[in-house]
Amino acid sequence: MRLALAAALTAALVQAAPVQAARYAVGVESGASLVEVASSVERVTGAPSGRSLASLDTLLVETPAPETLRALPGVAYVERVDVGRRLAFAPNDPLAAKQWHLESVRAFDFWPELPTLAGPRVAIIDSGIDGTHPEFAGKIAAHRSFVGGSALTDQQGHGTFIAGLVAAQTNNDVGVASIAFPAQLLVAKVVRANRMVSLEAEAQAIRWAVDNGARVINLSIGGLRDPRDPTRDTYSQLEAAAIRYAYTRGVVVVAAVGNGDQAPTTPWPYASYPAALPHVIGVSALAKDGSVPNFSNRDPIYNDVAAPGHELVSTLPRQLTAQRPNCDEQGYSPCGSDEYRTAEGTSFAAPQVAAAAALVLSLRPFLQPDQVAFVLTRSADDVSPASGCQRCAAFRDIHSGWGRLDVGRALASLQGPIPGPDRFESNDDAGGQATPLRRARANFAATVDFWDDQVDVYKVYLRKRQRISITLNGPRTANADLVLWRPGTLRVEGLSLDLRRLAARSARRGSKERIVYRAPSAGWHYVQVKLTQPGSGAYRLAFSKS
């Protein structure tokens, strides 16, 4: 029912409306006669050209077909003028003026006034928060500690800082403003006193958040990823399973790509886990000047989008700021330690994206996680030398992903078409992750994305000596491979790949692939669709057994 309703809403939004007349300014070229151009405009439109702004050599005219005016002799430009410009909402929180990230990501540009919205639940899986802080009054839906003590105490300050960026009280004439002003918080404490996070606590917290109604999870934590050295790579099947649990239940997962000061070298060329897992939005950091700081990890695949991550202002536990009693901004980071007075890190960029995801879901609650990720990444502002990052290439790059988060543009883009969700996800590997196809033949559509969902895996049962024919078509603009794996395959990607179980492969240039195979023994075989170069979109997979 939800998918059908979401599809119906999308169709209604993109259905063509009748063409109506609108007002346009018609500029007259220097030296051309205003009267002659006006006569030509009236002849083409069949209506009076209206009053003119003679001092600007401009005519004002209403027409449903402005393209007919641009070709007229003497016309310099045709520009629509009846589109109103609205004032962006400005929160009255006194510290908002110091929160430069709000303007950078256009946090309030979409709202002429702050609306009343039903806020989704956002899980902050971190060091807990100061549950007595007035900025969170009425904002905490549930809380639990997975490392002992109370989730409503925060000895480190990290979780409280992040929670303030996401959902502090906004426009209450106190303290700071947040991006996801309608959101409710689920607080899961997983950070021990030594600032370490166990994988078991993280996985339990993710499942708890999902079971308690989270629509967005923020993970400003990370483990080292090094595909060149398996001995220090911290990939965890437990963590990956928890992420899949969230994704398959409609939860958007956002994670920091990690900081180089926690890696062997700075900058580090790989995103941390869990950002480097499928279906997680990985977030890098931006400085005030538009550059990507050295501490922000790079990654050609898993760095999806960037947000401010330097000199941010947010909430802090009041027991920490009380250590500076002469500071006037108690409970806020300007009164914190050096670590928080000039707060920097991808940890603080990620919650801005999580907050934006919550706003998207406030307006379109039936969107699925892959659709929300599409909205946030494809609406981002490109980060390039022109915007202050000299090392960033045009369009998607290893430093900033798709670009700087743009909340206003993301919300506005909800009025346009959004790709449908992939009903087979998350089928990202062999074994229990693969989607079973139990029929003798099938022909269906699904999607892949080089930067977020490179691989789809299906499993089909073949009897001994049974023949299978498989064809793949699309995405049309990308290069895709089709691979068949033998029974017993545990992984089709990653560090423990066993190429001895490869049964057949079609890897022609382009998007059309075909495999014909006869099974020497019975068992579940795995059909893998894989993008091997940048691109994304829908594909069609068909198979028949005989």
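The values are calculated or read from the model by the stated rules, or taken from the named source; none is laboratory data. As the structure is a prediction and not an experimental result, all values here were calculated from the model. We place every Cβ from the backbone using ideal geometry, glycine too, and count neighbours over all the protein chains shown.
Of everything in the range 343-379, what is in contact with a Phe, Trp or Tyr (Cβ under 6 Å, 6 or more places away or on another chain) and crowded, with 24+ Cβ neighbours inside 10 Å? Give them in sequence order.
Within the range 343-379, P369 is the sole residue that qualifies.
Got a number for residues in the range 436-468 being farther than 18 Å from G488 by Cβ and within 26 Å of the chain's Cα centre (by Cα)?
Residues flagged as farther than 18 Å from G488 by Cβ and within 26 Å of the chain's Cα centre (by Cα) within the range 436-468 amount to 12.
Out of (1) more than 16 Å from F108 (Cβ to Cβ); (2) buried (at least 24 other Cβ atoms within 10 Å of the Cβ); (3) out of contact with any Asp or Glu (no Cβ under 8 Å at 6 or more places or on another chain), the odd one out for I179 is which?
The number of the failed condition is (1).
If we only count strands (runs of 3 or more DSSP E) wholly inside the range 60-164, which ones have 3 or more residues that are modelled with pLDDT of 90 or more?
Correct list: 121-126, 140-145.
Condition first: in contact (Cβ under 8 Å) with a residue 24 or more places away in the chain and among the acidic types (D, E). Now tell me which residues in the range 102-156 satisfy that.
Answer for the range 102-156, where residues must be in contact (Cβ under 8 Å) with a residue 24 or more places away in the chain and among the acidic types (D, E): D109, E113, D126, D130, E135, D154.
Residue by residue through the range 474-486, note down the ones that are more than 14 Å from D456 (Cβ to Cβ) and either surrounded by 19 or more Cβ atoms within 10 Å (Cβ to Cβ) or modelled with pLDDT of 95 or more (or both).
Scanning the range 474-486 gives a single hit, R486.
Which residue out of A285, A275, A255, A271 is touching a strand residue (DSSP E or B) at 6+ places or on another chain (Cβ under 6 Å), buried (at least 20 other Cβ atoms within 10 Å of the Cβ) and over 25 Å from E493 (Cα atoms)?
A285
Quick one: which of R439, R391 is surrounded by fewer than 20 Cβ atoms within 10 Å (Cβ to Cβ), among the basic types (K, R) and without any contact (Cβ under 8 Å) to a residue 12 or more places away in the chain?
Answer to the selection: R439.
Quick one: count up the residues across the range 506-535 that are among the polar types (S, T, N, Q) and assigned to a loop (DSSP other than H, G, I, E, B).
The total comes to 4.
Sort out which residues of the range 330-362 are modelled with pLDDT under 95 and hydrophobic (A, V, I, L, M, F, W, C), and write them in order of number.
Within the range 330-362, just A343 meets the criteria.
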